[in-house]
Number of protein chains: 2
Amino acid sequence: MPRPRAAERGSGKERDAVSEFTTERLSVYLRCLTILETAGVKTISSSRLAERFHLNSAQIRKDLACFGELGVRGVGYQVGALRRHLTTTLGLDRLRRMVIFGAGNLGLALSDYPGFNSDGFVVTAVFDSDPAKHGLASRGGIPILPNAELPRVLDAGEVDLGVIAVPAAAAQSVYDTLADAGIRAILNFAPVQLHQRPGVRTRSVDLRINLESLSFSLANNE
Amino acid sequence: MPRPRAAERGSGKERDAVSEFTTERLSVYLRCLTILETAGVKTISSSRLAERFHLNSAQIRKDLACFGELGVRGVGYQVGALRRHLTTTLGLDRLRRMVIFGAGNLGLALSDYPGFNSDGFVVTAVFDSDPAKHGLASRGGIPILPNAELPRVLDAGEVDLGVIAVPAAAAQSVYDTLADAGIRAILNFAPVQLHQRPGVRTRSVDLRINLESLSFSLANNE
DNA sequence: GCATGTGAATGGATTCACAGCT
DNA sequence: AGCTGTGAATCCATTCACATGC
């Protein structure tokens, strides 16, 4: 097993063995470039980008070099062009529709979370097994539907991404439902080691582990 | 810089150079042991633990060996004793009080999130800069206070952990406020590279990067 | 001259495989 | 015989340092 880690990494192969660490940093670079473009900066070198945003210049160059010769030697990178390139590379030039399972505190918060409803992402529905919630909606107006409605939502339009925000005990079953429905990318918030399916890209965010890790530091940092 | 990563790692030294990857896995092991103990299992070997929860047996042994000879050769580990040991090691045998900055969707959801209000953790207050929210409370009853009330809350009782759930633009300022107030552990949800203080253990969870990383996989997987 | 792209060096996490204990 | 604890081997991400190109 290659680096399973607590926040486990997904299955499925990238096109050219671009590491997950690299792809995560691409998101960071994209954000930095957006800030620079807004500020009117046209060109930037890896070293000044590194300096400005507390990154490492060699790493920036190596990460970007995975996708061709994006810079100009002696000059640096064109901010606008590079931003557009990263946007395409990350697949953010098209709309990613998401469904969330679990209309609890976390699920509803994520439904309305700006980062989940902007720049290429949109939450289309929240599913919950509790009949008392059906027909209701999040504060932002995302409808809460019965789990059984998933096929209908899938028929009505492409869904690219599933989010699991149900209690640990229900997570595997929701995962399987999503996988069976043909969803190829899943973000899991339940604190369980999911038994993953091949062909389904899965990432887990374990909020509790972050707390416990901080607690460990407090307990052991002298 | 040693592995800053998108979800950046904090500052401050562990007692015996126990890696952050190891401490994250300790949380996982603790969960597994709790399940086993509830199921009445008294003893377990690293290989059966690995099998049962999709882990690696050598890694389990190596991780646990950081904290002394916890197992018995030829037998395995005592479930109950090991669970208690990990609980203490992770500092979960005492109560960790937390304050959350940002009473938006995310901040309020986290305030009531079971994982943030059980087994050693409790959210004592939510702070927000919007006067319209002061005096209100989360659904679960955590009061929303003005930022200026932080010193009073600190005087009233120990606060071990701060959570940043404000928009990106306000995150650094909240971070500095928490650091100035003497809080030594911070969990940040804002999508920014924080300028960190020495002596303050910081972890960042970047929800947006998880989405973008999944989007990348969808765009580049075959 | 200056900054990229990259082979080589480094550092560290994971896995292997076995010595040592029960 | 079985399982832990661990040195050795492996793998991989990061960093260095420089040849290459504008």
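Here, each number is a calculation from the coordinates, and none is a lab measurement. This one's a predicted model, so the numbers in the text were calculated from it and none came from an experiment. When we count neighbours, we look across all protein chains shown, and the Cβ atoms used for this are built from the backbone with ideal geometry, even at glycine.
Placing a label point 7 Å from the Cα of residue A:81 along the Cα-to-Cβ direction, the distances to the matching points in the other copies come to 6.6 nm, shortest first. Placing pseudo-labels 7 Å out from each Cα toward the beta carbon at residue A:221 and residue A:67 gives an inter-label distance of 3.5 nm. Remark: A:83, A:25 ranked as A:83, A:25, counting other beta-carbon atoms within 10 Å and listing the fewest first.
Computed from label points 7 Å out along Cα-Cβ, the spacing between residue B:118 and residue B:197 is 3.3 nm. Fewest neighbouring Cβ atoms within 10 Å first, the residues A:149, B:51, A:212 line up as B:51, A:149, A:212.
When only Cα pairs below 8 angstrom with a gap of at least 6 residues are kept, the stretch B:96-209 shows a relative contact order of 24 percent.
Summing charges over all other residues whose Cβ lies under 12 Å from the Cβ of residue B:46, with Lys and Arg as +1 and Asp and Glu as -1, gives +3. Label positions at residue A:38 and residue A:19, each projected 7 Å from the Cα along the C-beta direction, are separated by 3.0 nm. Annotation: the residues B:45, A:215, B:111, A:46, sorted from fewest to most other C-beta atoms within 10 Å of their own C-beta, follow the order B:45, A:46, A:215, B:111. Between the beta carbons of residue A:130 and residue A:173, assuming R0 = 22 Å, the FRET efficiency works out to 0.90 to the nearest 0.05.
Remark: label point of residue A:176 defined 7 Å out from Cα along the Cα-Cβ vector; separations to the same position in other copies 5.3 nm, ascending. Each copy carries residue B:39; placing its label point 7 Å along the C-beta direction from Cα gives inter-copy distances of 5.4 nm, listed from smallest up.
In summary, the convex hull built on the alpha carbon positions of the stretch B:12-89 has an orientation-averaged projected area of 4.9 nm². Closest approach of any chain B Cβ to the axis that rotates B onto A belongs to B:109, 2, distance given in whole Å. Beta bridges per DSSP, both residues in the stretch A:96-209: antiparallel share near 5 percent.
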